[in-house]
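The values are calculated or read from the model by the stated rules, or taken from the named source; none is laboratory data. From a predicted model like this one, the values you see are computed outputs, not experimental measurements. Methodologically, a virtual Cβ is constructed for each residue, glycine included, from the backbone with ideal geometry; neighbour enumeration extends over all protein chains shown.
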Amino acid sequence: MKKVLVLGGTRFFGKQLVEALLQEGHDITIATRGFTEDSFGDTVKRIVVDREDEKLLEERLEGKSYDIVYDNLCYSPNAAEIICKVLCGKVKKYVMTSSMAVYEPALGLLEENFNPYEYAITYGNRNDFNYSEGKRLAEAVLFQHATFPVVAVRFPVVIGENDYTKRLQFYVEHVVKQEPIVVDHVDGELSFIHEKEAGEFLAWCGMENMEGPMNACSNGVVSTEEIIRFIEEITERKALIQEAGDNIAPYNEVTNCTLHNGKARELGFPFRELKLEMKNVLHHYINTTK
């Protein structure tokens, strides 16, 4: 049994991570700002803290130490630097949720296509950078300054029945309601991962003997066109696709960006098949869209 701290673990794949860790019988503490209720009852301990408040985080973690810390809330170099300071001497391993966004868009991206060990660091908060640069700089700070082993899990778009961003749901709702969808690259391919698989992968990374950047995605790729065609087949309604307009489809700006997951597969993680996962999630949305 490992002693585990999860920073942000109350929704989407953070919740799936906690559930995966509970199934393995670990001693879990979740640290959140306390705004979102969770469903874990007395199976976890809780700390209420803003993880970007260095002084408060230090106070809350005083006298505590952990085998693994998972951080789903690290979006800036300043947030990463806080972790380097506060967790020094308190953790045996740190797993950060990073993103495919650290890369310049391309097909079959490998971990070495972005090197955080040599990336020039500029400090700032989350609102000082766009999402991609915030993640790049957060990784750079952690890999260059942390005194403990670090894993940065680079996820693509995460899909699932509990996706509060409703990006995939957008396609279903617009086809069902016969509203136009603006897509200018229907054949553009993307990697995805299901929320449950993402949670399981994070849990696995913490337990395995590894460190460094790690790509994680389901096997295979899916194009925007495939998503739309599948919805059309099930609903027997034709999508109204436009090349310009107001209803710009999610993922439109990040197509032709896919990850290579060979490194994690070689280490033994059994990824699921994307097309099957995608169909299951779309079925769920279709069944719940009126």
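Select from region 58-81 the residues that are more than 13 Å from VAL6 (Cα to Cα) and either of a type in the set (S, T, N, Q) or out of contact with any Phe, Trp or Tyr (no Cβ under 8 Å at 6 or more places or on another chain) (or both) and list them in ascending order. Listed by number, the residues that qualify are GLU58, GLU59, ARG60, GLU62, GLY63, LYS64, SER76, ASN78, ALA79, ALA80.
Just one residue in the set ASP27, ASP53 is closer than 23 Å to LYS196 by Cβ and either surrounded by 20 or more Cβ atoms within 10 Å (Cβ to Cβ) or assigned by TED's automatic domain parsing to the domain that holds VAL153 (or both); that residue is ASP27. On the given criteria, is GLY245 surrounded by fewer than 16 Cβ atoms within 10 Å (Cβ to Cβ) and on the phi > 0 side of the Ramachandran plot? Yes: the conditions hold for GLY245. When LEU276 is tested against (1) among the aliphatic types (A, V, I, L, M); (2) modelled with pLDDT of 95 or more; (3) over 25 Å from ASP71 (Cβ atoms); (4) in contact with a helix residue (DSSP H, G or I) (Cβ under 8 Å, 6 or more places away or on another chain), just one condition goes unmet, and that condition is (4). Answer yes or no: is there a residue in region 218-226 that is in contact (Cβ under 8 Å) with a residue 24 or more places away in the chain and within 16 Å of the chain's Cα centre (by Cα). Among the residues of region 218-226, at least one is in contact (Cβ under 8 Å) with a residue 24 or more places away in the chain and within 16 Å of the chain's Cα centre (by Cα), which makes the answer yes.
Among the residues of region 28-44, write down those that are in a loop (DSSP other than H, G, I, E, B), in contact (Cβ under 8 Å) with a residue 24 or more places away in the chain and under 16 Å from PHE12 (Cβ atoms).
Listed by number, the residues that qualify are THR36, GLU37, ASP38, SER39.
Scanning region 6-33 for residues that are small (Gly, Ala, Ser), more than 17 Å from the chain's Cα centre (by Cα) and closer than 24 Å to ASP53 by Cα yields one hit, ALA31.
I'd like the full set of residues that are touching a Gly at 6+ places or on another chain (Cβ under 8 Å) and either buried (at least 24 other Cβ atoms within 10 Å of the Cβ) or among the aromatic types (Phe, Trp, Tyr) (or both), limited to region 151-193. Outline the logic, then answer.
Here is the first cut: in region 151-193, the ones touching a Gly at 6+ places or on another chain (Cβ under 8 Å) are 151-152, 180, 182.
ALA152, the sole residue that qualifies.
Out of the residues in region 246-261 meeting the condition of being in a helix (DSSP H, G or I) and touching a residue at least 24 places away in the same chain (Cβ under 8 Å), tell me which one is nearest to CYS217 (Cα to Cα). First the steps, then the outcome.
Within region 246-261, the subset in a helix (DSSP H, G or I) is 252-254.
With touching a residue at least 24 places away in the same chain (Cβ under 8 Å) added as a condition, the list becomes 252, 254.
Values: ASN252: 19, VAL254: 16 Å.
Top of the filtered list is VAL254.
Among the listed residues PHE230, PHE269, which satisfies the condition of being closer than 21 Å to GLU161 by Cα and modelled with pLDDT of 95 or more?
Numbers: PHE269 fails: closer than 21 Å to GLU161 by Cα.
Just one listed residue meets the conditions, PHE230.
Does region 249-258 include one or more residues that are among the hydroxyl-bearing types (Ser, Thr, Tyr), modelled with pLDDT under 95 and crowded, with 17+ Cβ neighbours inside 10 Å?
Here is the first cut: in region 249-258, the residues among the hydroxyl-bearing types (Ser, Thr, Tyr) are 251, 255, 258.
After this cut, where a residue has to be modelled with pLDDT under 95 as well, the list is 251, 255.
Among the residues that remain, those that are also crowded, with 17+ Cβ neighbours inside 10 Å are: 251, 255.
The answer is yes; a qualifying residue exists.
Considering the conditions (1) in contact with a Phe, Trp or Tyr (Cβ under 6 Å, 6 or more places away or on another chain); (2) assigned by TED's automatic domain parsing to the domain that holds VAL141, ILE227 is excluded by exactly one of them, (2).
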